[in-house]
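K.L.:
Shown below is the structure under consideration.
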Amino acid sequence: MAFDAIFQPIQIGNLTIRNRVVSTAHAEVYATDGGMTTDRYVKYYEEKAKGGCGLCICGGSSVVSIDSPQAWWSSVNLSTDRIIPHFQNLADAVHKHGGKIMIQITHMGRRSRWDGYNWSTLLSPSGIREPVHRSTCKTIEEEEIWRIIGDFAQAARRAKEGGLDGVELSAVHQHLIDQFWSPRVNKRTDQWGGSFENRMRFGMEVLKAVRAEVGDDFVVGMRICGDEFHPDGLSHDDMKQIAAFYDATGQVDFFGVVGSGCDTHDTLANVIPNMSFPPEPFLHLAAGIKEVVSAPVIHAQNIKDPNQAERILEGGYVDLVGMTRAHIADPHLIAKIKMGQVDQIKQCVGANYCIDRQYQGLDVLCIQNAATSREYMGLPHIIEPTEGKKRKIVVVGGGPGGMEAARVAAERGHEVTLFEAAEALGGQITTAAKAPQRDQIAGITRWYQLELARLGVDLRLGTRADEATLKDLRADIVVLATGGKPYLDQYPEWGYSENPEESLIVSTWDILDGRVEPGKNVLIYDALCEFAGMSAADYLADKGAKVEIVTDDIKPGAAVGGTTFPTYYRSLYQKEVIMTSDLMLHKVYREGDSLVAVLENEYTGTQEERVVDQIVVENGVRPDEGLYFELKHQSRNKGQVDLEALYDIKPQPCLSEDGDGFLLFRLGDCTAPRNTHAAIYDALRLCKDF
């Protein structure tokens, strides 16, 4: 059988895991009602078990104590017996599909914000604040230490009584256990600090208390860092010593290993590697830990592809591979491998839309799979063929929304034609992939290309659909996903002209798509602070330009997520890009062979000038809606979407109404500019009932 190593069962404690693939602990931001695992939470993990995942470890950073902050990211709350029946629902849902389910438990110590939920007083071994969350904290007292040790034990009891298969003690990401370990944070001189044994004491007492409460027949693992990547922190050799110390107790059933600490913005970007990183960049750290422990070792960082997972397992680097974001992108990953459908796997592209939402306190979503975590709403991962009338459906636009609309309609069994004016599919994804660090996002388009070919969609590439073309096809349904155009003409003072020879400014699309040659001395004005402006700056600097990126926001890239903006900053600083905030582009004029950008301070109104040879503006997108208004009044539904039905994930009422002519819908940027996920979500919830 192909992928033999992946499908080998493994024993962890007294538990048999059916394969070597794990969905490791991450904060889902789905727990509600005071941190309970609700129906959304349960169905999210049930889908992974249904799809064949061997082991799911849920609830990243789930709290054991009432004073461990939950606040803004809705962690699971194990500080109360209220959680037990919720766990029973979760365990039953996963077990009925043959999977196993554990939960990560922790006390965050200093690592969080205090201003939410119980408004907790943050704690750390020596009262040292954490840079990422900017939160001050108190020095933990002896009585509090022993209370929290007891809280760990009671949290493990609740997990066991709830029918879960085990717990994972979080001693990673500078939570309280590894705060005690690290000399960077622990400056104590009592029995809880100083010597190696003293710094290990808190974690050891937690382990002993948990074991005393749940016994030897319940799985207890530990997630650790392989190297904190701080000169004053724990090195790889330090972590090998720590792992061996705990392993020697015989009380740890497995180790999960993660590369890098994450108490600074720079190190945080390492922990969940985005598409700028190579595959499995920290595997060597997990392999180093495996050399010194007898318990099975799990590694989960940037393992997305089954061939990659098989190679890692065959090489004996670790015992289990975590494919967490891979399962967010496609929870049926394992089932597709088993059925020989590897080409149908929707592979994670490392956009980090999921984790970057979590760091904003928003629910975790996948940039390319709108069904993930919406299973409870009835959004399907597998589209079933319609039992009703087969229709002729025309989709105009081959960006993410149009590709998803065509895919879903074809899965339903309809005759689908897709028009795309460009010579290739992808839309703005194709543009985004031109930038340094962003090429892997093209994987979204590659998957759709394979799926549309498999489903027999009639692709009309390099063909601009017009009113006459659509009438000739006599479509039953027309879906417009024609996208938008850069919004450069908002202010006449910017000097934009549709004639490239006359225009004083160009768009980020012009630069990334190669329609305009890079200048030598370039100013980028970025009003959105999202990916396009930062990508254009990175691209231009890569071509040797001297670049300044200016925004009227608080900083360039302010809307780029917490695990992603640091990788841009690393690159831009290395290339000596100047980053300037609080200035808006007021006016552009020519002066000889140069361009002058007049910039105005957001707060004082003071103006200053830059003399450059190229000005690039990122000001978002305006809908391309010309074709929509040509067709609107000819359509049966006048182009209108029933929003109540759409938001309730129900069929559009007009689908069941008879009449002559066609139904017309539009989605994605040609309705209103949002993002890739929004376009795909609208396409799925609209077209799943065609």
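K.L.:
Tell me the residue from Arg147, Arg199, Arg158, Arg211 that is more than 28 Å from Val271 (Cα to Cα), in contact with a helix residue (DSSP H, G or I) (Cβ under 7 Å, 6 or more places away or on another chain) and either part of a helix (DSSP H, G or I) or assigned by TED's automatic domain parsing to the domain that holds Asp238 (or both), please. I'd like the intermediate steps shown before the answer.
P.N.:
On the way: Arg147 fails: in contact with a helix residue (DSSP H, G or I) (Cβ under 7 Å, 6 or more places away or on another chain); Arg199 fails: more than 28 Å from Val271 (Cα to Cα); Arg211 fails: in contact with a helix residue (DSSP H, G or I) (Cβ under 7 Å, 6 or more places away or on another chain).
It is Arg158.
K.L.:
Can you go through Ala27, Ala5 and tell me which one is within 24 Å of Tyr353 (Cβ to Cβ) and among the aliphatic types (A, V, I, L, M)? Spell out the reasoning first.
P.N.:
Values: Ala5 fails: within 24 Å of Tyr353 (Cβ to Cβ).
Among Ala27, Ala5, only Ala27 is within 24 Å of Tyr353 (Cβ to Cβ) and among the aliphatic types (A, V, I, L, M).
K.L.:
Tally time: how many residues in region 68-98 are β-branched (Val, Ile, Thr) and either at pLDDT below 95 or touching a Phe, Trp or Tyr at 6+ places or on another chain (Cβ under 9 Å) (or both)? Spell out how you get there, then give the answer.
P.N.:
Narrowing region 68-98 to residues β-branched (Val, Ile, Thr): 76, 80, 83-84, 94.
Those still in the list that are either at pLDDT below 95 or touching a Phe, Trp or Tyr at 6+ places or on another chain (Cβ under 9 Å) (or both) too: 76, 94.
Total satisfying the criteria: 2.
K.L.:
Of all residues being out of contact with any helix residue (DSSP H, G or I) (no Cβ under 7 Å at 6 or more places or on another chain) and farther than 24 Å from Leu333 by Cα in region 77-105, which is surrounded by the most Cβ atoms within 10 Å (Cβ to Cβ)? Just the residue, please.
P.N.:
His86
K.L.:
Sticking with this structure for a sec: Can you give me the number of residues within region 486-525 that are under 23 Å from Ala433 (Cβ atoms), surrounded by fewer than 15 Cβ atoms within 10 Å (Cβ to Cβ) and of a type in the set (D, E, K, R)?
P.N.:
Summing the residues that are under 23 Å from Ala433 (Cβ atoms), surrounded by fewer than 15 Cβ atoms within 10 Å (Cβ to Cβ) and of a type in the set (D, E, K, R) in region 486-525 gives 3.
K.L.:
Right, here's the next one. Which one of these is assigned to a strand (DSSP E or B), surrounded by fewer than 22 Cβ atoms within 10 Å (Cβ to Cβ), touching a helix residue (DSSP H, G or I) at 6+ places or on another chain (Cβ under 8 Å) and touching a residue at least 40 places away in the same chain (Cβ under 8 Å): Leu418, Leu459?
P.N.:
Among Leu418, Leu459, only Leu459 is assigned to a strand (DSSP E or B), surrounded by fewer than 22 Cβ atoms within 10 Å (Cβ to Cβ), touching a helix residue (DSSP H, G or I) at 6+ places or on another chain (Cβ under 8 Å) and touching a residue at least 40 places away in the same chain (Cβ under 8 Å).
K.L.:
Here is a follow-up. Output the residues belonging to region 116-132 that are among the aliphatic types (A, V, I, L, M) and outside any loop (DSSP other than H, G, I, E, B).
P.N.:
First, the residues of region 116-132 that are among the aliphatic types (A, V, I, L, M): 122-123, 128, 132.
Passing the criteria: only Leu123.
K.L.:
Checking the condition over 20 Å from Ala410 (Cα atoms) and either part of a strand (DSSP E or B) or of a type in the set (Gly, Ala, Ser) (or both), which residue from Glu608, Glu630, Glu644 passes? It would help to see each step written out before you state the result.
P.N.:
Values: Glu630 fails: either part of a strand (DSSP E or B) or of a type in the set (Gly, Ala, Ser) (or both); Glu644 fails: either part of a strand (DSSP E or B) or of a type in the set (Gly, Ala, Ser) (or both).
Sole residue among the options that is over 20 Å from Ala410 (Cα atoms) and either part of a strand (DSSP E or B) or of a type in the set (Gly, Ala, Ser) (or both): Glu608.
K.L.:
Specify which of the listed residues (Asp319, Asp305) is in contact with a strand residue (DSSP E or B) (Cβ under 6 Å, 6 or more places away or on another chain), surrounded by fewer than 24 Cβ atoms within 10 Å (Cβ to Cβ) and over 14 Å from Phe282 (Cα atoms). Steps first, please.
P.N.:
Details: Asp305 fails: in contact with a strand residue (DSSP E or B) (Cβ under 6 Å, 6 or more places away or on another chain).
Result: Asp319 is the single residue among Asp319, Asp305 that is in contact with a strand residue (DSSP E or B) (Cβ under 6 Å, 6 or more places away or on another chain), surrounded by fewer than 24 Cβ atoms within 10 Å (Cβ to Cβ) and over 14 Å from Phe282 (Cα atoms).
K.L.:
If we only count strands (runs of 3 or more DSSP E) wholly inside region 1-86, which ones have 1 or more residues that are out of contact with any strand residue (DSSP E or B) (no Cβ under 7 Å at 6 or more places or on another chain)? Walk me through it before giving the result.
P.N.:
Numbers: elements: 10-12, 15-17, 21-23, 55-63.
The qualifying strands (runs of 3 or more DSSP E) are 10-12, 15-17.
K.L.:
With the requirement that a residue be in a helix (DSSP H, G or I) and crowded, with 23+ Cβ neighbours inside 10 Å, what does region 568-589 give you?
P.N.:
Correct list: Tyr568 only.
K.L.:
Could you list, in sequence order, the residues of region 179-232 that are among the aromatic types (Phe, Trp, Tyr) and touching a Lys or Arg at 6+ places or on another chain (Cβ under 9 Å)?
P.N.:
Initially, region 179-232 is screened for residues among the aromatic types (Phe, Trp, Tyr), giving 180-181, 192, 196, 202, 218, 229.
Once the filter is applied, which keeps residues that are among the aromatic types (Phe, Trp, Tyr) and touching a Lys or Arg at 6+ places or on another chain (Cβ under 9 Å), region 179-232 yields Phe180, Trp181, Trp192, Phe218.
K.L.:
I'm told Ser507 meets every condition in (1) among the small types (Gly, Ala, Ser); (2) outside the structural domain of Ile680 (by TED's automatic domain parsing); (3) over 34 Å from the mean Cα position of the chain (by Cα) except one. Can you identify the failing condition by its number?
P.N.:
Of everything listed in (1) among the small types (Gly, Ala, Ser); (2) outside the structural domain of Ile680 (by TED's automatic domain parsing); (3) over 34 Å from the mean Cα position of the chain (by Cα), Ser507 misses just condition (3).
The values are calculated or read from the model by the stated rules, or taken from the named source; none is laboratory data. Predicted model, so just to flag it, every value in this text is computed and none were measured. Positions of Cβ are backbone-derived with ideal geometry, glycine not excepted, and every protein chain shown enters the neighbour counts.
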